[in-house]
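One structure is given here, and the rest of the page talks about it.
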Amino acid sequence: MVIERSPVERSSCSSPIAGPILVTGGAGFIGSALVRTLVGDLGTRVVNVDKLTYAGNLDSLASIAADSNHVFEAVDICDAAGLRAVFREHRPLAVMHLAAESHVDRSIDGPGEFVRTNVLGTFTLLEEARRHWLSLDDADRARFRFLHVSTDEVFGSLGAEGFFDEATPYSPNSPYSASKAGSDHLVRAWHHTYGLPTLVTNCSNNYGPYQFPEKLIPLMVLSALEGRPLPVYGRGENVRDWLFVDDHVEALLAVLARGSVGETYVVGGASERRNIDVVRSVCRILDELRPDPGTGPREGLIRFVEDRPGHDLRYAIDASRIARELGWRPRETFETGLRRTVEWYLENPGWCERVLSGAYRLERLGAGAAA
Ligand code: NAD
């Protein structure tokens, strides 16, 4: 069953959600879902700061392109002068920071860009946000929030039991998660040292429409449609918790509106699945929606390949704090969310063709030194 999603409630003008909000990375997968909700559903003014790397596509914002509440600024978050000009011109009352290098496999092949954007970029953004925050009048300074969006991968790997929560110690294992851990610590320090009103979220694997087809689910959908092999790391035993992107957006808005300053919230989809089971589910949905009698069931395309170096075994989230304190729960089950996602990719081949027209063409990344 597909759950129809009603728009997130509009907030009162004293809430940071009333805007203007500076969103970084708003042309990416999660950022574009957030911007579509803020501008399209809530009528919030958004200044979207994005450098448009391979992962950033303005095509994902086509539905709000003509809306005067959306202002796009092509600025690198490592560019202090560029950021300063954006803060001066748009005077945001909140920052939602999503810009990052986000793909673990790419971080194995080229960690430098991850340290630059995720660590140096977050530092630069924090400094410019602090300068701007100090320039606000008392009422606006009290309202201002800096929400940093991070990952559960900073906590390292779980065994068969247990869950990550807000008290889990940091133990990152990949260049990506180490760079995100570094950025989390900077945000924490800017709150404790300078009083910047920060919030941090650490969430599990997101999936949904508009995800760049290098990540597991869209990669499998598009490869299976082309009848190409479906590469699964190791034996596919690694377990991830899956969070539908629009559920994540609602969590971010709940944290921004009602979260306690200086605090962290972990966010999960209550949907733990082994990678192999995710790929099998994708195959089954495609066989049903787009049967291909010539090739037979698409599970036959699955190929086990050499594991990713340092591949964390299991991530799982105990999201009871955000449920208890902020009333947020995921609306989507993995089954409903996955079906919506596959349907979206089937209905939007043009988007896939356009974002894939760059250098990346469904090749395997992340073999690192072994490559
Ligand atoms: P994404 O890779 O789809 O998008 C990242 C965006 O940031 C792109 O639009 C890109 O152009 C932009 N960007 C990159 N470097 C930049 C720079 N130096 N200056 C300005 N813009 C830059 O990422 P996503 O999947 O949407 O993830 C968004 C955030 O959520 C990231 O911070 C990521 O670490 C975090 N996160 C993602 C997941 C997930 O499953 N996708 C899970 C947990 C946390």
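The values are calculated or read from the model by the stated rules, or taken from the named source; none is laboratory data. Keep in mind the model is a prediction, meaning the values are calculated, not measured. Glycine also receives a Cβ, built like all others from the backbone with ideal geometry; neighbour counts cover every protein chain displayed.
Quick notes on this one:
- Wholly enclosed strands (runs of 3 or more DSSP E) of the stretch 248-354 bearing at least 2 residues closer than 22 Å to LEU158 by Cβ: 264-267, 272-274
Residue-by-condition table, conditions (1) part of a helix (DSSP H, G or I); (2) closer than 15 Å to VAL187 by Cα; (3) touching a helix residue (DSSP H, G or I) at 6+ places or on another chain (Cβ under 8 Å); (4) away from the ligand (no atom under 11 Å from the Cβ):
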position	(1), (2), (3), (4)
VAL75	no, no, yes, no
LEU83	yes, no, yes, no
GLU89	yes, no, no, yes
ASP105	yes, no, no, yes
ALA129	yes, yes, yes, yes
HIS132	yes, no, yes, yes
GLU161	no, no, no, yes
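- Scope the stretch 224-244; condition farther than 16 Å from ASP307 by Cβ, touching a residue at least 40 places away in the same chain (Cβ under 8 Å) and surrounded by fewer than 23 Cβ atoms within 10 Å (Cβ to Cβ); matching residues: LEU225, GLY227, ARG228, PRO229
- So TYR170, is it part of a loop (DSSP other than H, G, I, E, B), surrounded by fewer than 20 Cβ atoms within 10 Å (Cβ to Cβ), within 16 Å of the ligand (Cβ to nearest atom) and among the hydroxyl-bearing types (Ser, Thr, Tyr): yes
Yes/no matrix, rows are residues, columns are (1) hydrophobic (A, V, I, L, M, F, W, C); (2) under 20 Å from the mean Cα position of the chain (by Cα); (3) at pLDDT below 95:
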| site | (1), (2), (3) |
| --- | --- |
| PRO309 | no, no, yes |
| ILE322 | yes, yes, no |
| THR333 | no, yes, no |
| LEU338 | yes, yes, no |
| GLY350 | no, no, yes |
| LEU356 | yes, yes, yes |
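- The stretch 51-73, subset assigned to a loop (DSSP other than H, G, I, E, B) and touching a helix residue (DSSP H, G or I) at 6+ places or on another chain (Cβ under 6 Å), residue surrounded by the most Cβ atoms within 10 Å (Cβ to Cβ): ASN57
- Output for the stretch 145-159, where each listed residue is in a strand (DSSP E or B) and in contact with a helix residue (DSSP H, G or I) (Cβ under 9 Å, 6 or more places away or on another chain): ARG145, PHE146, LEU147, HIS148, VAL149, SER150, THR151
- In the stretch 17-50, of all residues being assigned to a helix (DSSP H, G or I) and β-branched (Val, Ile, Thr), the one that is nearest to the ligand (Cβ to nearest atom) corresponds to ILE30.
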